[in-house]
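Please read the structure below before turning to the comments.
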Amino acid sequence: MEAMEVTLIDRESVSGDACGGFTAAAGWPARYRPAELTPLISAVRQTVHVVRDRGTGQIGLAVGGRLELGAGAGEAEWLGSAPPLYPEWLGDRTFCEVHRVRYPYIAGAMANGIATAELVVALARAGMLGFFGAAGLPFERVERELDAIAAALAGTGATWGANLIHSPNEPELESAVADLFIRRGVPCVSASAYMKLTAAVVRIAFRGVGVDGAGAVVRPRQVFAKVSRPETAVQFMRPPPLALLEAMVARAELTEEEAHLASRLPVSEDITVEADSGGHTDNRPLTAIFPTIVGVRDRVVAECGYVRPLRVGAAGGLGTPSAVAAAFGLGAAYVLTGSVNQAAVESGLSQEAKAMLAAAGVADVGMAPAADMFEMGVDVQVLKRGTLFAQRARSLYTLYSRCGGLEDLTAEEAAQLAGRVFGMPLDAVWEETRAFWRRRNPAELARAEADPHHKMALVFRWYLGKASRWAIEGDAARKLDYQLWCGPAMGAFNAWVAGSYLEPLEQRSVVQIALNLLEGAAHVSRAQQLRTWGVPIPQEAFHFIPRRLR
């Protein structure tokens, strides 16, 4: 349907009983029956007029036509007009301006390279932001992948990013990766799983910060803080503690000028509120945690007197257009998707693992111990359907909590671990574990030799770490042990795309997933907007069928 020329009337300029009227033109009459409204609601890129039939009093919609001024003018009374709505406009405009992207949309950063360099490049070329999943990868692999992304996007001006995960057991690795990001000029860094600020995050946020000729602060990198608790969020919203800045200046990690500017700036200008999601999660509902952290943001901005916007985005549970529309309706500056992208063409998972995710329902998820924070009792959300990982990983933590070391296991428990979980003798697992930590961090071995409980943790973490890699490699023999980080959004996505263009795995490119979620969110937002004006919106108007876009 082509848009027709319309002259808009300012209703506030109409006095007395005079009101705007609508006249159909070129054969497009106003429509009032709910079944006829869906095509007009779907015309999100056109101005839609809300009208009332002068005879029946029914409220309906019209696209195009002619608006007239005066009492009794036109075939129907004009009540108002909804301007064009583009997916690009759903979030905070400053997000797109600051980060030089077209859409207020982020994907990533699934760890162990599941959010691949290819995924990041595809999003960047489409005007979106992608974070490379650097967490859990060897330093040399991270370096190679960053170079590949930079080479692929050289000269395009496209924005991209990578993930820095809090590594309390390996602070040296966290620090080294942070310095690598700085040297390689990574423009955006997603800081995830942090419970408190570290010097590594502060270096990324403020190394190289300065002031331009006009007196405006220039930040060479932007930190996106992924948080799920107010007490964590506030640390990223405020400037770093003065004691930390002074210590960093003393160690020559920041200059005095950089530390001075840092004392007046937030660590992050983009706070991603992570609700119930795959991987590390507190399982909080978005509708509860998002407004809470927005309230924290508002108080901090008032207290600190920030001039630049401090944006809050939404993540977790975003697997359908309605969910994305709801996030923007809460006031999200941008949205971030994770679980749904693991089944994308560009994902680093094996085809077997992607097929398992594509079969998941909303209830096919559960919690299991996290490999990187096992000893702290931290859990991650994973897929339960088709895999025994969650059950087996939970049994490992139960044994760890009860025993002081491997020697405390009963003969039956040791045999069950070797036969059903590890698939090899415990001594062989320890030899592999020892070889791994000898290369990665010899200090862990020294600690394990002195502390049997820590040795037990390292052996059990061998399984937790391997389970993710088996899923990436597609090891058929270990399919029942696949660790797939997954939230309910995956099941919701599968239900939404069933029978549509996006149901086959080969069609699920990360860009098509994003465009359909955004386009659908625009449709849902328009339907809700018009419903608040009294238009009898049919339920099918809230269901966007996936299709090939662009």
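No lab work stands behind these numbers, since they all come straight from the coordinates. Quantities reported herein were computed from a predicted structural model and do not represent experimental measurements. Here Cβ is always computed from backbone atoms with ideal geometry, including for glycine, and neighbour counts include all displayed protein chains.
Ordering Leu549, Leu517 by the number of other Cβ atoms within 10 Å of each residue's own Cβ, fewest first, gives Leu549, Leu517. Taking a straight line from the alpha carbon of Lys354, these lysines sit under 18 Å away, with near neighbours fewer than eight places off in the same chain left out: Lys384, Lys466, Lys479. Note on Phe95, Phe206, Phe436: ascending count of other Cβ atoms within 10 Å places them as Phe436, Phe95, Phe206, the fewest first. Per the Debye calculation on the stretch 218-364 with a single equal scatterer at every Cα and no solvent contribution, log₁₀ I(q)/I(0) for q = 0.08, 0.11, 0.15 Å⁻¹ amounts to -0.30, -0.53, -0.83. Candidate values [x] 49, 29, 19; [y] 61, 30, 20; [z] 39, 32, 25 were compared with semi-axes √(5λ) of the Cα gyration tensor in Å computed on the shown model; the agreeing label is [x].
Modelled spin-label separation between Glu256 and Phe436, with each label point placed 7 Å from Cα along the Cα-to-Cβ direction: 4.7 nm. A full extension of the chain between Gln58 and Asp427 corresponds to an added length of 125.0 nm, given 0.36 nm per residue minus the alpha carbon distance. Measuring nothing but how far apart in sequence close Cα pairs (under 8 Å, 6+ apart) lie, relative to its length, the stretch 354-483 scores a relative contact order of 26 percent. Each of the peptides 500-508, 261-269 was scored by the mean count of other Cβ atoms within 10 Å over its residues; in descending order, highest first, they stand as 261-269, 500-508. Between Ala35 and Gln539, the modelled label-to-label distance comes to 1.6 nm, taking each label 7 Å out from Cα in the direction of the beta carbon. In a simple Cβ point-charge model (Lys, Arg +1; Asp, Glu -1; nothing else charged), the stretch 34-125 has a dipole of about 240 debye relative to its Cα centre. Ordering Ile513, Val186, Phe436 by the projection of their Cα atoms onto the charge dipole of the chain, which places +1 on the Cβ of Lys and Arg and -1 on the Cβ of Asp and Glu, puts Ile513 at the extreme positive end. DSSP beta bridges confined to the chain are antiparallel in about 50 percent of cases. Packing, taken as the mean count of other beta carbons within 10 Å per residue, orders the peptides 183-191, 402-410, 525-533, 480-488 from highest to lowest as 480-488, 183-191, 525-533, 402-410. Amide H to amide H, with H built 1.01 Å from N, Phe132 comes under 5 Å of Gly161, Ala162, Asn163, counting only residues 5 or more places away or on other chains.
Remark: the Cα gyration tensor places the stretch 89-349 in the rounded category, a/c being less than 1.5. Karplus-derived 3J(HN,Hα) values for the stretch 80-93, using 6.51 cos²θ - 1.76 cosθ + 1.60 with θ = phi - 60°, are x, 9, 9, x, x, 10, 10, x, 4, 9, 6, x, 7, 4 Hz; glycine and proline are entered as x. Here the simple spin-label model places points 7 Å from the Cα toward Cβ, and for Arg264 and Trp89 these points are separated by 3.6 nm.
Separation of the stretch 264-311 and the stretch 197-230, taken as the distance between their Cα centroids, equals 16 angstrom. Both radii are taken from the alpha-carbon atoms of the stretch 157-245; with Rh as the Kirkwood radius, Rg/Rh is 0.96. Think of the chain as having a plus end and a minus end, set by charges on the Cβ of Lys, Arg, Asp and Glu; of Gly133, Thr47, Ala476, Thr47 sits farthest toward the positive end of this dipole. Cβ crowding within 10 Å ranks Thr337, Thr56 as Thr56, Thr337, fewest other Cβ atoms first.
This model, with +1 at the C-beta of Lys and Arg and -1 at the C-beta of Asp and Glu, gives the chain a dipole about its Cα centre of some 440 debye.
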